[in-house]
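See structure below.
What follows is calculated from the coordinates using simple rules that are stated; it is not laboratory data. Only a predicted model underlies this, so the values are computations on that prediction, with no experimental measurement involved. Every residue, glycine as well, gets a Cβ built from its backbone with ideal geometry; the counts of neighbours run over all protein chains shown.
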Amino acid sequence: MMSASVTVFCTFVLGILLWKLTSVVRTYKTYIALYTSDKVITFGKFHPLWGHLHLIAPLSNFLELVEKGMRDTGRKITCHWMAFMYPIFGVCHPDTAKILLKSSEPKNKQKGGGYFTLLPWLGDGLLISDGKKWERNRRLLTPAFHFDVLKPYVPIYNKVFDIFLDTFEEASISGESVEIYHRVGLATLDTLLRCALSYEDNVQGQGTNHPYVNAVRTLTRLSVKRMMEPWLHPDFLFNMSPSGKEYIKYAQFVHDFDERVINERKQALLNDTSTLTKRRRDFLDILLTARDENGQGLTDREVRDEVDTFLFEGHDTTASSLSWAIHALSKNLDEQQKVYEEVKIVLGNRTEVTWSDTKEFSRLTLFLKESMRMSSPVSSVGRITTQELDFDGLKIPANMEVYVLIHALNNRTDIWGDPKVFRPDRFLEEPEKDPYSYVPFSAGTRNCIGQHFALDEQKVALAKLVQRFKVLPDPDHEPEPNPDLVMRSNNGIRIKLEKRS
C-alpha cells in the first residue's frame, strides 16, 4: 500500500498540475477572446502549429493583409498568431499608435520578441535597451546630435556624395540603367564612418563586395529569418544551424571591426589628451568621454553596443530612405522638376551644399516626407506591455507584444485619402493632421536620436543629384518592396540618368 506521505506528495503534485492547467486554459481563453473581438483585424483561421506564419511570410504578405483589413473594416488594431504560442497585436491608426508611443513600455526583446534576434549583434544599445539604462545612455548620447556637432558634418556629406555621383557619369553617357540600392548603401556607410568615427577607408571604391555592408545585409536577413522560424528561437538550436553559424561569423566580423576602431581611438586619447582640441569632436569621442552625474562613463561593452547600433541604423535605414526617394524622383518627373527648380534658386552656381541651405529646401523636404510616407524605411516598431493597456476599448493585458505598424499608418485611406498617389503637397494642405499619423522616425521619448543627421544627409544627397542629373525611370524594371528590418527591394532599384547641361 502507498504510504500516507507518498499519497500527500502525489496529491500535492496533481494539485499543482491542475492549477497550472487551469491557468493555461484561462490564459488561452483570454487570448481567444482578444482575437475574436470586433475591435481587431484578423487574418483568418490559424494553423494549430504555425498560427498565421503561412499567411504572413514573406513579410510583404503581412503588409498586404493589414492594408486589406484596414480598407474592409476601418479598424485600428490587428491581431495574428506567431505559431501556436501567443497572439501579437499591431496598432495601425493614430488613435491607437499614440497610446503605445506615448507610453514608457520597453522594447520586446524577450525570447521570441521582435528584437531578440538582434541582441547577439547589436547588444543592449539605444535601439533595444530600456529602463534606467536607456534613460542614462540616451542622456549621455544626446550631445552627439546637437546642432553644433552636426553642422561640421555637412562638408563631409558633400564630399561623400560627390564620389557617389561620379560613379554615375558613364551611365549618363551610355543611357544604360544603373542599380542604386547597393551604391547608396556604400555612400551612407562612408558618410557614417567619416562623420561618427572619423574613419576613411575608400568605402565606395570597393564595389559590391564591401565586407561591412555585406555583413549587415546578411545579419538583417538572418535576423528576420530566425524570427519567422520559431524552431530556431532557442539559442542552442539556432547556434547549431547553418543560419546560426553564418550569423555568428558575421556578427564577430562586425564586432572585430568596431572594437579595432574604438581601441585605436581610446589609445589616441590616452596618448594625447589635446587631440580633441585639434579636430572636431565626433560620435565616438563623445561616447568615450561622456560621464553621468556620478562621474561614470560607458563601459567598453556599452560603447561597442552603441557603435554597432549607430552604424547599422545610421547607414542601413538611411540607405533605404534615400534609395526609395531616388526611385520616387524617377517616377514623378513633375515633382522632380519642382525640386530641381528650388535647388537652382537656393544653390545658384554653387555645387557645395551648406548647413543653411538645408534649411531652405522646403520643396525638397516635402518630397522627402512623401517618399518616406509611401516607402517607410522601417515598417514597424515593437514593445512589450508591462501593464494592461486600453486600445480603442480593447484591453490588452501585460506581457503582450504590440507593434506600431508605421507602413499601415501611412496607407490608411481614412487618414490620407489617396495613399497610393505620390503627392508631397498633402503635407501643406493638411497641417492639422494628427502628428501620430506620420511617424517615420517613431515618436515619443523613444524617437530616433539621429533623425536630423539622416534628414540633412539625404537633403544634401538629393540636392546634388538633381542639380547634376535628371533622374529617369527604367521602363523594364519595377522594384519589389521587401519589409526586412528596413524596406529593401528584392530585385534592386534601377534608374536611368541624363546629364544636365
Report summary line: If each K or R counts +1 and each D or E counts -1, the residues other than residue 224 whose Cβ falls under 12 Å of its Cβ total +3
Query raised in the report: Under 16 Å from the 7 Å Cα→Cβ point of residue 430, by amide nitrogen: which residues of the stretch 374-395?
Result: 374-376
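Hey, what D do you get for the chain in µm²/s if you plug the Kirkwood alpha-carbon radius into Stokes-Einstein at 4 °C and 1.567 mPa s?
For these conditions, the coefficient is 53 µm²/s.
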Query raised in the report: Do any GluC sites (Glu not before Pro) in the stretch 226-328 lie in a DSSP loop with no more than 16 other beta carbon atoms within 10 Å, and if so, which?
Result: 293
Report summary line: One finds, for residue 162 and residue 359 with R0 = 25 angstrom and r their Cβ-Cβ distance, a FRET efficiency to the nearest 0.05 of 0.70
Query raised in the report: Mean separation of Cα pairs under 8 Å and 6+ residues apart, divided by the residue count of the stretch 345-466: what relative contact order is that in percent?
Result: 28
Query raised in the report: Efficiency by 1/(1 + (r/R0)^6): what FRET value for residue 72 and residue 229, r their Cβ-Cβ distance, R0 = 30 Å, to the nearest 0.05?
Result: 0.50
Query raised in the report: Once every DSSP H run of n ≥ 4 in the chain is given -39500 (n - 2.57) and the sum is divided by its residues, what mean residue ellipticity at 222 nm do you get, rounded to the nearest 500 deg cm²/dmol?
Result: -16500 deg cm²/dmol
Report summary line: the stretch 252-369 -> Rg/Rh from Cα coords, Kirkwood Rh, value 1.13
Report task. Name the lysines eligible as straight-distance cross-link partners of residue 395: C-alpha to C-alpha under 16 Å, and not fewer than 8 places from it in the same chain. Result -> 29, 39, 76, 98
Report task. Count the lysine pairs in the stretch 410-501 whose Cα atoms lie under 17 Å apart, taking only pairs 8 or more positions apart in sequence or on different chains. Result -> 5
Requested in this report: Count charges around residue 128 for me, please; just the other residues with Cβ under 9 Å from its Cβ, Lys/Arg as +1, Asp/Glu as -1.
Outcome: -1
Report summary line: Full extension between residue 39 and residue 176 adds, at 0.36 nm per residue less the Cα distance, a length in nm of 44.2 nm
Query raised in the report: Of the trypsin sites (Lys or Arg not before Pro) in the stretch 180-286, which ones lie in a loop per DSSP and count no more than 14 other C-beta atoms within 10 Å?
Result: 279, 280
Requested in this report: Distance from a point 7 Å along Cα→Cβ of residue 293 to each backbone N in the stretch 123-144: keep the residues under 16 Å and list them by number.
Outcome: 132-141
Query raised in the report: What full-extension length gain, to one decimal in nm, is calculated for residue 418 and residue 54 as 0.36 nm per residue of separation minus the Cα-Cα distance?
Result: 128.0 nm
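Note the full-extension length gain between residue 442 and residue 142 as 0.36 nm times their separation in residues minus their Cα-Cα distance, in nm to one decimal.
Answer, rounded to one decimal: 106.3 nm.
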Requested in this report: Would you kindly derive the ³J(HN,Hα) couplings of the stretch 102-117 from the backbone phi angles with the Karplus curve 6.51 cos²θ - 1.76 cosθ + 1.60 (θ = phi - 60°), listing them in order in whole Hz, with x for Gly and Pro?
Outcome: 8, 7, 10, 5, x, 5, 8, 9, 5, 4, x, x, x, 10, 5, 6
Report summary line: Given 404-412, 131-139, the highest-first ranking by average Cβ count within 10 Å works out to 404-412, 131-139
